[in-house]
Amino acid sequence: MTGHTTIDRETFQRRTGLTGSDLRVVAQNPIFDGCSWDALSQILIDSAIQEFPRNAVVFLQGEPAQRFYIVLNGWVKVFRETLDGRESVLHVFGPAESFAEAVIYETKGFPASASACVDVRILGIPSASFKLHLAENAGLSVNFMTAVSNKLRLLSRQVEQLAARSAAERLAGYLSGLCSSDSATAVVRLPLEKAVIAAKLGMQPETFSRSISKLRSVGVHINGDKVDIRDVYALRRLGEGAETADTQIMPLPQFGRFD
């Protein structure tokens, strides 16, 4: 990016609070694919790290939208409230994932709310300065539009799965994905807290618990974070929506280098 003064790493870290490990996380986001240090430092120089404890609100739907975010540590859920006051989780974002990018061109406030699933550190990137970088940097602009497009396709597929599969089927698909492809039986560990997994799968915690109970019919037993799967094939079939008569479960009412 021409016309900008080079920022040394010490000055950058002092102004933003971003460490080397933080930058490695940020660099994994596809928006910054191929980004040089000079470009990345210019883009992020006005950003700021924010920390939130578990269950804290990051922002509320309708609040003024002045920045988008990248998760550095932890998990953040984005949701909307239904008419009866319940949360409808749109997606759960983890390390290196960005969210609320729509605020770049949004003037009516955040279109949804966000809260911390666990203790989190996130990087807030001001939308005003980022728009200037998009206008100046064709590579960044292409990356940004591609990343947003890919995320929309992912969310569309998730909406289809929510509509087509029961909660138990979605949980079966998630657990089978933790198993190796050639295993007949498996013992695996849940990589996330149950509340985070439930949110990722679009479930309330009580629905998640009921789904765990239902999966016992296909040989799944969960104790803490340990999952004992006695028939991976049956679990995988259930996760794909191919239920057998004796395991029927009724449905319950997410470029190149540039400088």
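The values are calculated or read from the model by the stated rules, or taken from the named source; none is laboratory data. What you see is a predicted model; the values in this text were computed from it and never measured. Methodologically, a virtual Cβ is constructed for each residue, glycine included, from the backbone with ideal geometry; neighbour enumeration extends over all protein chains shown.
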Take the conditions closer than 24 Å to K200 by Cβ, surrounded by 15 or more Cβ atoms within 10 Å (Cβ to Cβ), within 16 Å of the chain's Cα centre (by Cα) and modelled with pLDDT of 95 or more and apply them to V71. Does it pass? yes
Residue list for the range 161-181, restricted to those being of a type in the set (K, R) and assigned to a loop (DSSP other than H, G, I, E, B): R165
Could you list, in sequence order, the residues of the range 16-37 that are modelled with pLDDT under 95 and either outside the structural domain of S149 (by TED's automatic domain parsing) or among the acidic types (D, E) (or both)? D33
In the range 85-100, what residues are farther than 23 Å from E193 by Cα and surrounded by 15 or more Cβ atoms within 10 Å (Cβ to Cβ)? A100
Only one of these conditions is not met by A167: (1) surrounded by 18 or more Cβ atoms within 10 Å (Cβ to Cβ); (2) within 26 Å of I31 (Cβ to Cβ); (3) under 20 Å from the mean Cα position of the chain (by Cα). Which number is it? (2)
Go through the range 106-128 residue by residue and tally those that are among the charged types (D, E, K, R) and either within 16 Å of the chain's Cα centre (by Cα) or buried (at least 21 other Cβ atoms within 10 Å of the Cβ) (or both). 2
Quick check: anything in the range 101-122 part of a helix (DSSP H, G or I), among the charged types (D, E, K, R) and touching a helix residue (DSSP H, G or I) at 6+ places or on another chain (Cβ under 6 Å)? yes
Based on what the data block shows, is V103 surrounded by 17 or more Cβ atoms within 10 Å (Cβ to Cβ), in the same structural domain as D22 (by TED's automatic domain parsing), under 18 Å from P205 (Cβ atoms) and among the β-branched types (V, I, T)? no
Could you please let me know if L154 is modelled with pLDDT under 85, among the aliphatic types (A, V, I, L, M) and touching a strand residue (DSSP E or B) at 6+ places or on another chain (Cβ under 9 Å)? yes
The range 182-192, residues that are in contact with an Asp or Glu (Cβ under 8 Å, 6 or more places away or on another chain), in a loop (DSSP other than H, G, I, E, B) and among the aliphatic types (A, V, I, L, M): A184, L190
Return only the number of the condition from (1) of a type in the set (A, V, I, L, M); (2) within 25 Å of S141 (Cβ to Cβ); (3) within 17 Å of the chain's Cα centre (by Cα) that V92 does not satisfy. (2)
Within the range 38-50, residues modelled with pLDDT under 95 and in contact with a Gly (Cβ under 9 Å, 6 or more places away or on another chain) come out as A39
Within the range 51-64, track down each residue that is of a type outside the set (D, E, K, R) and either exposed (fewer than 15 other Cβ atoms within 10 Å of the Cβ) or modelled with pLDDT under 95 (or both). P53, N55, A56, V57, L60, Q61, G62, P64
Any chance the range 179-193 includes a residue that's among the basic types (K, R) and under 23 Å from V76 (Cα atoms)? yes
Can you find a residue in the range 142-160 that is assigned to a loop (DSSP other than H, G, I, E, B), more than 14 Å from the chain's Cα centre (by Cα) and either of a type outside the set (V, I, T) or crowded, with 21+ Cβ neighbours inside 10 Å (or both)? no
